[in-house]
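The values are calculated or read from the model by the stated rules, or taken from the named source; none is laboratory data. Owing to the predicted nature of the structure, the values given are computational and were not obtained by experimental measurement. Cβ placement follows ideal geometry from the backbone for every residue including glycine, while neighbour counts extend to all protein chains displayed. For the accessible areas, the whole protein counts, side chains as well, though only heavy atoms, and no ligand, DNA or RNA atoms are used. Shrake-Rupley method; radii C 1.70, N 1.55, O 1.52, S 1.80 Å.
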Amino acid sequence: MRTTQWVCQRCAFALRSSAAGRGQLPRPVQLLSRRYATNDATTATTLPPALLQRARNIAAEHKDLQTTLAEDFDAKAAKRLGDLSRVANALAEWDTARSSLEELNSLISSPDSDKELQALARDELETTHASLANMTNALTASLTPRDPYADMPCLLEIRPGPGGQEGRYFADALFKMYRAYCARVGIRTNIVKYETVDGGETQGGAGSETPLSEAVIEILDTGAYDRFRGEAGMHRVQRVPATETKGRTHTSAVAVWVLPSFPEGGSEAEADFNDPTSDFYIDPKEVRAEKMRAGGAGGQHVNKTESAIRLTHVPTGTVVSIQDSRSQHQNRDKAWQLLRSRVASQRREEREEKAATLRNSVLSKEKITRGDKIRTYNYQQDRCTDHRAGFDVHNLPDVLAGGEVLQKVMDSTKEYLVARDIRALIAEEELIAKEEEAAANGKQNKK
């Protein structure tokens, strides 16, 4: 069977036109396009009324705050002003580009305009239209709510999923991929936990892979959570294991969690840990602490001193065990840090689930859960596919080495998340507008 030829859209139209002129049917062609489609709200030069009204309300509040701060400085008002500046500035640029486009269209359509001016206006029209589209993208993106944990460091948890021993080997490959990526872009990391399976180092895997039971990487730089939050989910691998004698491809999976993390020792961290309204607050009375003897490789220290710590958060059933250090105190500190992050993530997920159910938005329909397959690494095809963005790249060795190709995949995921947030925002604003309209109609009917 012959494969369909890939050609661009312009060439496809040219082929159809030329073939029709000769009275011949052209060969079947497919249009080459990005596999993931962007929402109309992010590509059009007009905004949905709900979003535009939201932007104008924010700009009005921004103007009022400027007047207030000019008379008397207030720290909270100044912080709020800074938060709103992004939307206000984007709206001002959008309005300017919109006015320029309207002036050009008016000049072109006016019968009294000079011919030379009309020709110049036509030349400027395409550039101005493209500029307005970019401004629309920027304004729409500025309206999306920023993740409350976006500026925080994060914890990257890696655990093997379905697939047996091969899943454990690939978990180690992902662990090394993220460490290599952080080293390449200059991000500081700390290995909180790295536990392997005993006796499996020489049974399979690729290269220097080790069967991994669980690993936790702490990424220390500010904004790490925003950079890596798109990596959370199930990562699928398709390859022929070293122990496979018949050359069959095996499919395994690895689960990756991305949790926000407060830096240790800071006043901000202590304040949140001790604030009952914080997601990170845990009542020590609700935690059961157990001391254990460390297991695995480690020489004379192993199984002789009770340095390992296991913490159980009774209300949620969350369990954390750490035995990496010989110091029981250090293991306890790491266990508490990991427990707070896991419980905070669970509380946030529950809150988002409730909000999504209430507003019945697009977000509730497309929310990524822990069981979703988000990415596939196919060794035979030298391919990495992100299923959310619909983005394919080749050169799999560079992906697993944390190189530029991995960066492209992560960027495509970030574009997808922004587009998803935009759709959720539009749905939420439209829902609010409908509720307000229904309430207004109800008042009129009562009168």
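Give the residue that is nearest to residue 185 (Cα to Cα), with candidates limited to residues of the range 380-436 that are free of Cβ contacts under 8 Å to residues at least 24 places away in the same chain and among the hydrophobic types (A, V, I, L, M, F, W, C). Top of the filtered list is 405.
Scoring residue 189 on the criteria (1) outside the structural domain of residue 413 (by the TED database); (2) in contact with a strand residue (DSSP E or B) (Cβ under 7 Å, 6 or more places away or on another chain); (3) open to solvent by 40 Å² or more (accessible area, probe 1.4 Å) leaves a single failure, condition (1). Screening the candidates 113, 85 for the property of being exposed (fewer than 15 other Cβ atoms within 10 Å of the Cβ) and without any contact (Cβ under 8 Å) to a residue 40 or more places away in the chain yields one hit, 113.
All of (1) modelled with pLDDT under 80; (2) not assigned by the TED database to the domain that holds residue 341 hold for residue 300 with one exception: (2).
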